Amino acid sequence: MLEHLPPKEQARLIAELPVGAGKVIEHMAPVTSARCVVSLDGDTAAKVVRGLSLDYRLAVLRCMQHSDRERMFLALGASEAEPLRTLLRYRDDTAGALMDPYVLTFPDDITVGEALRRARASTQALLYYLYVTDREQKLVGVATLREVMQSRASDALSSVMRREVARLPAAMRSDDIVKNPHWRDFHALPVVDEKDRFLGVIRHETLRRVEHEVVQNSQQGSAVDTLLALGELYWIGLSSIMPGVTTKIERSQEEHSEPENKDYGEQSRPRGDTAD
């Protein structure tokens, strides 16, 4: 019903919803939701966008004009807008667009006790893996939450972490993400940019969704390839038959045309020649 209303009327009704506006508009097409959101005032729009799932939030932002998107980022604030800007830099089917950017990281120059304090303060952004970065946000190590909890509070976090970290380049395409062998050992993999700076993680549930999409696209591609191959075989077969058919048609025409030529020849022959 909302989709059939003008954007301003949609916005008025959405703004009057007491809770869950984001869950309502997720049932609309992203382009329609984008028109609705930009018709809201800044604070209400930011509240609605925060209620959207990350995938749908990105789809809506991609449907906005540049000026509207910048206004949306301003309403969200820098801490929420910057991760979204990063995601929007990458193509839809790359690690940079598929990752979750809202993941807690830890500096490599703090203690285990400080790391645990920060972890308790931000449980929503906490994973089983604790990713460690240097002050330039480059990924330098990883430790499990269990390993950190079993260490002494005074230990340096850098002494607990492992420095060899499996990672995905942000520009990696979905086909290669699915084939990555490190999924056998980890249920989340970090994503880094071209300078090895930590951007976010791809979780195992995201991998399953991407894997399903890759299989579907592969099946559709195979079906198209099969049809094209059959079409090619058809035309190859037809091209090999056509010369023979053409020859037979030409011969048939010659056979039917020869008697007529003889008759015409006899009729046109001078009577004197016949008498002789």
Enter the accessible area of M149 (Å², nearest 10), with the probe set to 1.4 Å and all protein chains included.
130 Å²
Subtract the Cα-Cα distance of E211 and R146 from 0.36 nm times their separation in residues, and report this length gain in nm to one decimal.
20.5 nm
What spacing in nm lies between the two simple spin-label points modelled at E80 and R117, each 7 Å away from Cα in the Cβ direction?
2.8 nm
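The values are calculated or read from the model by the stated rules, or taken from the named source; none is laboratory data. What you are looking at is a predicted structure, and each value in this text was computed from that prediction instead of being measured. Glycine gets a Cβ as well: all are built from the backbone with ideal geometry, and neighbour counts include every protein chain shown. Only protein heavy atoms, including side chains, enter the accessible area calculation; ligands, DNA and RNA are left aside. Shrake-Rupley method; radii C 1.70, N 1.55, O 1.52, S 1.80 Å.
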